[in-house]
Amino acid sequence: MLALLILALSPPPPVFAAKTMFMQATLNQIQTEQGVSLTITGRVFNASDVSVPNAIISVQVNDPQTTSIHLAVAYSKQDGSFADSFLISPNAMGGNYSIFLVADKPGYESARVTLTLIYASPDFALQSPTSALSIRQGDTTNFTVAVLSLRGFKQSVNLTALNLPTGVTAQFNPSSVTAQGNITVTLTASQSASLGNFTISLLGVSPSSTHSIRIQLYVGRGPLQTYYVIAATCVVLLLVAVLALRRRNRRARRLAAAEAMLKYGSADKGYVTTAGAMARLEELRANNQVDSATYEKLKREYEKRLERSK
């Protein structure tokens, strides 16, 4: 009972007040092909301007319709600094974007900062109804690229093609549009265009910004190439047939010469006639008009006749 009475009469323990914490933040924006890149940098510190490390900074970005488009958490470093980056796409709505920053750390009061971004920079975007095309050697194909005006964009945009495969050319009609419009792209592949799959880029250039889109392009073998293969095959077959015919005619001439020699030798088997036949046989062999087997056969026959006629 005495202990409880002492506790009841004792003053309550002191309540320590949370320290005051402050936060500074700035916003930097850079125009890129993907839109606007935004970077938030800042510093957390106490009432004595001493940096507060390891503070948790919550980041929330709302668009003009108060829809959250970015949520992130950053941490302050030993020097109290922190940073966070995010991207606003080229086709995002224009207007006021609100950025809410809240820094928290145990023993400190929360620090809050609100930044406002006015996203009204005019820009353009490129769109194509197709992301993949195919073309054959010797053929032409067309497709359309739309230039879209964003936030009051009114400049001219020129379109050009990059990374085209060898033998493929691009033409644009019209060559440029002002503010927005459609550009017809015509791709032409030569008979010797490189075959395979390629990734080409269509680059839109205005005085203030550039944007690009990528398209997959397949180049296949053209119909004339198939014709050339068939024609070449026919030529080879024709040459083979001609050579075979020439060999056949040469063989026929040899056989005719051999038959003539046999007839000549069989008509008269005298010494003078046989000697003349042998001379004729040597002449045919020298002119390659009689084959080796026939030559040897006739030569042996004539030599036997000469022996018998002596």
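Values in this text are rule-based calculations from the coordinates and carry no lab data. Note that the coordinates shown come from a computational prediction; the quantities given were computed from them, not determined experimentally. Glycine also receives a Cβ, built like all others from the backbone with ideal geometry; neighbour counts cover every protein chain displayed.
Computed quantities for the displayed model
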item	result
Full-extension gain in nm, GLN191 to ARG112, via 0.36 nm per residue minus C-alpha separation	21.7 nm
Those aspartates and glutamates that a straight Cα-Cα span of less than 18 Å connects to LYS154, excepting residues fewer than 8 apart in one chain	GLU33, ASP123
For the range 79-168, alpha-carbon Rg relative to the globular expectation (2.2 N^0.38 Å, N residues)	1.87
Over the range 164-224, relative contact order from alpha-carbon pairs under 8 Å, at least 6 apart, %	30 percent
FRET efficiency for THR233 and SER131, using Cβ-Cβ distance with R0 set to 41 Å, rounded to 0.05	0.60
Computed lengthening from SER89 to ARG221, 0.36 nm per intervening residue step minus Cα-Cα distance	43.5 nm
Percent of Cα pairs exceeding the 21 Å cut-off, where the set is the range 124-221	32 percent
Estimated inter-spin distance, ARG300 and GLU283, nm [label 7 Å along Cα→Cβ]	2.6 nm
Calculated FRET value between ASP49 and THR26, using beta carbons and R₀ = 22 Å, to 0.05	0.80
Listed residue (ASN91, TYR119, TYR108) projecting farthest to the positive dipole end of the range 17-119, Cβ model	TYR108
